[in-house]
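The values are calculated or read from the model by the stated rules, or taken from the named source; none is laboratory data. Quick caveat, the model's predicted, so the values are computed rather than measured. As a convention, Cβ positions derive from the backbone with ideal geometry for all residues, glycine included, and neighbour counts pool all protein chains shown. Accessible surface is based on the protein model in full, side chains and every heavy atom, while ligands, DNA and RNA are left aside. Shrake-Rupley method; radii C 1.70, N 1.55, O 1.52, S 1.80 Å.
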Amino acid sequence: MATITVQQMAESIGTERVSDWVEVTQSMIDQFAEATGDHQFIHVDPVRAAQTPFGGTIAHGFLSLSLMPMLGARAGAPAIEGAKMGVNYGGNKVRFMQPVRSGKRVRGRFKLLKFTERKPGVWEQVQEYTLEIEGEEKPALIAEWIALVYV
């Protein structure tokens, strides 16, 4: 993993990083349902889900959103020199554009929108996260996500 200074990060506004493709398996969906208690049939019952317009099970929207850290790491997110930690702060917006069907591959596209010092040693990083579905024109989701980096 590359290491850059806060100044280099601030200068990289507008740059994009793209992860490799990752398959969203039924096992992932089932594990997410178990962890969250969201067992809606559209996610966990392939027979009933096949009778819907989706033609099969789909990933939870929040499962798709939660892939962000893994895909960000796979996209080569640089470490910031001297950073003690980074934490999620929230989202300015999240839009679920279309569901991810079980067995489809997705990848994350990350664009740095903002990187500013909020107070000494605390930096706000705003990224656009787009979850692309292989072979689909429309993404699964687009989010504007905020993290705080403590240096």
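Residues in the range 89-109 that are closer than 15 Å to His60 by Cβ, open to solvent by less than 90 Å² (accessible area, probe 1.4 Å) and outside any loop (DSSP other than H, G, I, E, B): Val94, Val106.
If the condition is being surrounded by 13 or more Cβ atoms within 10 Å (Cβ to Cβ), assigned to a helix (DSSP H, G or I) and either among the aromatic types (Phe, Trp, Tyr) or free of Cβ contacts under 8 Å to residues at least 12 places away in the same chain (or both), then the range 12-50 contributes Phe32, Phe41, Ala49. Just so you know, in the range 77-88 the residues that are touching a helix residue (DSSP H, G or I) at 6+ places or on another chain (Cβ under 9 Å) and more than 24 Å from Val22 (Cβ to Cβ) include one that is least open to solvent (accessible area, probe 1.4 Å), and it is Ile80. Tell me, please, whether a residue that is more than 16 Å from Trp145 (Cβ to Cβ), open to solvent by less than 50 Å² (accessible area, probe 1.4 Å), part of a loop (DSSP other than H, G, I, E, B) and touching an Asp or Glu at 6+ places or on another chain (Cβ under 7 Å) can be found in the range 60-67. Checked against the condition, which is being more than 16 Å from Trp145 (Cβ to Cβ), open to solvent by less than 50 Å² (accessible area, probe 1.4 Å), part of a loop (DSSP other than H, G, I, E, B) and touching an Asp or Glu at 6+ places or on another chain (Cβ under 7 Å), the range 60-67 yields at least one hit.
Scanning the range 110-145 for residues that are among the basic types (Lys, Arg) and either in a strand (DSSP E or B) or buried (at least 18 other Cβ atoms within 10 Å of the Cβ) (or both) returns Lys111, Lys114, Arg118, Lys119.
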